[in-house]
Amino acid sequence: MKNMGTHWILPMALASLLAPRPMVARCSPEVVPARSAETVEVEVRRALAQFNDAAAAGDVKGCLALFEDRADILLVGSDKGEVFKGPAAMEGWLAALLRNNRFSWEMDRVDISHHGDTAWAFVEGRMVVKDPTGKLRFKAPYRFSAVLVRKGDGWAWRLFHGSAPGKE
């Protein structure tokens, strides 16, 4: 192969600098202002109230609509075997559960925190169980944890994990 030397480097470098180039858009990514802890707390409390209202009304579809539309959403009740993953499993259990009962929660303690588009809540108080006519069946100590993710201007549930605390 013939030695070409280095005399061609400077003209090629200049040609590449002067050659027409496609314009590359230099856009800054959209900056979404961080929500304050107070704003997130208000929004997550609204999501808790929506779930509470739907369960108290026996509205299975309403409960499910508050969860993300994902195969890995999870609802864990307080009793053995109450682990339901995915919309179909959750719908089957909720339909059976809410057929003859209405559930709501008296939320005495609500702790909420968040990081970015993920929030979590810990709720402690009492579970209120009524029959479909509204007659009180019982109240019992209850606590639950929830993981929620931002969805538009609100929050969608990804996990509900309940427990009925006993004597320790």
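Throughout, read-outs are computed from the coordinates displayed, never taken from laboratory work. The structure presented is a predicted model; accordingly, all values stated were derived computationally and were not measured. Note that we place each Cβ from the backbone using ideal geometry, even for glycine, and neighbour counts take in every protein chain shown.
By the count of other C-beta atoms within 10 Å, a proxy for reagent exposure, 36, 104, 78 are ordered fewest to most as 36, 78, 104. The overall shape of region 83-168, judged from the alpha-carbon gyration tensor, is oblate: a/c is not under 1.5, and a/b is no greater than b/c. Footprinting exposure proxy ranking of 143, 70, fewest other C-beta atoms within 10 angstrom first, gives 70, 143.
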